[in-house]
Ligand code: CP3
């Protein structure tokens, strides 16, 4: 078993006793950090940063130098899989992602290859290996992927979307075609996450950022079903330790029981859910991750601390809570505010972990 200096995050995911509540922040490496912007400028564009293992490692470690975070997350993106499938991903300056070849026909779905993680996506595995080496066992490394549904939204829409009209048109007019696409994506994600685990990721998380735009029946058929299949096919042990899996559906508050029943170890929550209610509904089966509104990081130190106290008290006594934001950190938050947050979580949570 690898000896970790700080394994609070892994222990909380398995609901084992901890001394304080662990915290990490979704999108913790990014543009709110001036040092991130400098490294990204060095790399050129965003995908070149992802493809350079040393620089990807550098930006992964940057937030850990400033804040006492309990986990590192691989610096990469969920869109690496569609890129490796040949869709031609680019990020224009100040814009979201764009695909040169969106998936718009049966032929396009049929022609999609399933990427080999140690070939087209080897740069991601190389980043995992370099980050593990440089972390030197300080904190665990989280690997990740998008959910098949969330990846499909970008692939069919050709980029980010507000209304999801193209993919919803496919869902309601050609459901079999969408299922074919989701099947291929689920298979690709299984290979991708298992390769990340083999390369050294000590926990994995699936981001279902757009599951919440689906109707309640459609969520189960077009998103949850495929995440369930992924969870069932992951190699969940490595280096003599369990590799926990977290599922996060933004806007998934109505489906917590169903998400918890997939066999995942933890459910990620956005800020629209009350942690105490979530715990009552599913908390003795899985761990809970969340759920501060990322916009609270614009508030005063006093306000941030007050929100931390409320969330800790919502979860209450004992292990099984991983503090996090309810979604990614905003790019213009003052850099001193995450420190207030992280230190407050550690300080105020001690009282909830006395045996
Ligand atoms: O959490 C981390 O620190 C690890 C890195 C990470 C990134 N993207 C880096 C990134 C992770 C975990 C992601 C996941 C991701 N990517 C999601 C799911 C989580 C979520 O936030 O909902 C999604 C939907 C994407 C797709 C994506 N990538 C979009 C829509 C964008 C553009 C939006 C934006 O903020 O500009 C990206 C680009 C991206 N991914 C950036 C970063 C740091 C910004 C790129 C830059 O430096 O310009």
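For the reader, a short list of remarks on this structure follows.
- All of 302, 257, 307 fail the test of being surrounded by 15 or more Cβ atoms within 10 Å (Cβ to Cβ), without any contact (Cβ under 8 Å) to a residue 40 or more places away in the chain, at negative phi and part of a helix (DSSP H, G or I), apart from 307.
- Near pairs, Cβ below 8 angstrom, 6+ apart or cross-chain, from segment 328-355 (assigned to a loop (DSSP other than H, G, I, E, B)) to any residue that is exposed (fewer than 15 other Cβ atoms within 10 Å of the Cβ): 330/295; 330/298; 331/31; 333/298; 334/298; 335/34; 355/17
- Inside segment 227-258, residues that are touching a strand residue (DSSP E or B) at 6+ places or on another chain (Cβ under 8 Å), more than 16 Å from residue 186 (Cβ to Cβ) and within 16 Å of the ligand (Cβ to nearest atom) make up a count of 4.
Here is a yes/no grid of residues against (1) more than 16 Å from the ligand (Cβ to nearest atom); (2) within 21 Å of residue 234 (Cα to Cα):
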| site | (1), (2) |
| --- | --- |
| 97 | no, no |
| 138 | yes, no |
| 149 | no, yes |
| 163 | no, no |
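- For segment 14-56, a tally of residues being under 17 Å from the mean Cα position of the chain (by Cα), more than 11 Å from the ligand (Cβ to nearest atom) and not in a loop (DSSP other than H, G, I, E, B) returns 1.
- Looking only at residues of segment 260-286 that are under 15 Å from the mean Cα position of the chain (by Cα) and either over 24 Å from residue 229 (Cβ atoms) or in contact (Cβ under 8 Å) with a residue 24 or more places away in the chain (or both), we find that the one that is surrounded by the fewest Cβ atoms within 10 Å (Cβ to Cβ) is 270.
- Within segment 169-186, not a single residue is within 11 Å of the ligand (Cβ to nearest atom), under 16 Å from residue 114 (Cα atoms) and in contact with a helix residue (DSSP H, G or I) (Cβ under 8 Å, 6 or more places away or on another chain).
- Unmet criterion (only one of (1) over 26 Å from residue 248 (Cα atoms); (2) exposed (fewer than 15 other Cβ atoms within 10 Å of the Cβ)) for residue 31: (1)
- Count - residues of segment 59-72 that are away from the ligand (no atom under 12 Å from the Cβ) and assigned to a helix (DSSP H, G or I): 2
- Residue match in segment 197-208 (condition: surrounded by 18 or more Cβ atoms within 10 Å (Cβ to Cβ), closer than 30 Å to residue 8 by Cβ and out of contact with any strand residue (DSSP E or B) (no Cβ under 7 Å at 6 or more places or on another chain)): yes
- The condition (being closer than 18 Å to residue 201 by Cα and either in contact with a strand residue (DSSP E or B) (Cβ under 6 Å, 6 or more places away or on another chain) or surrounded by 15 or more Cβ atoms within 10 Å (Cβ to Cβ) (or both)) is satisfied by just one residue among 72, 108, 84: 72.
- Single condition residue 126 does not satisfy, out of (1) in contact (Cβ under 8 Å) with a residue 60 or more places away in the chain; (2) within 18 Å of residue 84 (Cβ to Cβ); (3) surrounded by 23 or more Cβ atoms within 10 Å (Cβ to Cβ): (3)
- With respect to the conditions (1) exposed (fewer than 13 other Cβ atoms within 10 Å of the Cβ); (2) under 30 Å from residue 284 (Cα atoms); (3) within 14 Å of the ligand (Cβ to nearest atom), residue 3 lacks only one, and its number is (3).
- Residues within segment 73-94 that are within 9 Å of the ligand (Cβ to nearest atom) and either under 20 Å from the mean Cα position of the chain (by Cα) or touching a residue at least 40 places away in the same chain (Cβ under 8 Å) (or both), tallied: 8
- Every listed requirement among (1) under 19 Å from the mean Cα position of the chain (by Cα); (2) more than 30 Å from residue 118 (Cα to Cα); (3) outside any helix (DSSP H, G or I) is met by residue 205 save one, (2).
Each value in this text was obtained by applying a stated rule to the coordinates, not by laboratory testing. If you're wondering where the values come from, they're calculated on a predicted model, not measured in any experiment. Virtual Cβ from ideal backbone geometry, glycine too; neighbours counted across all protein chains shown.
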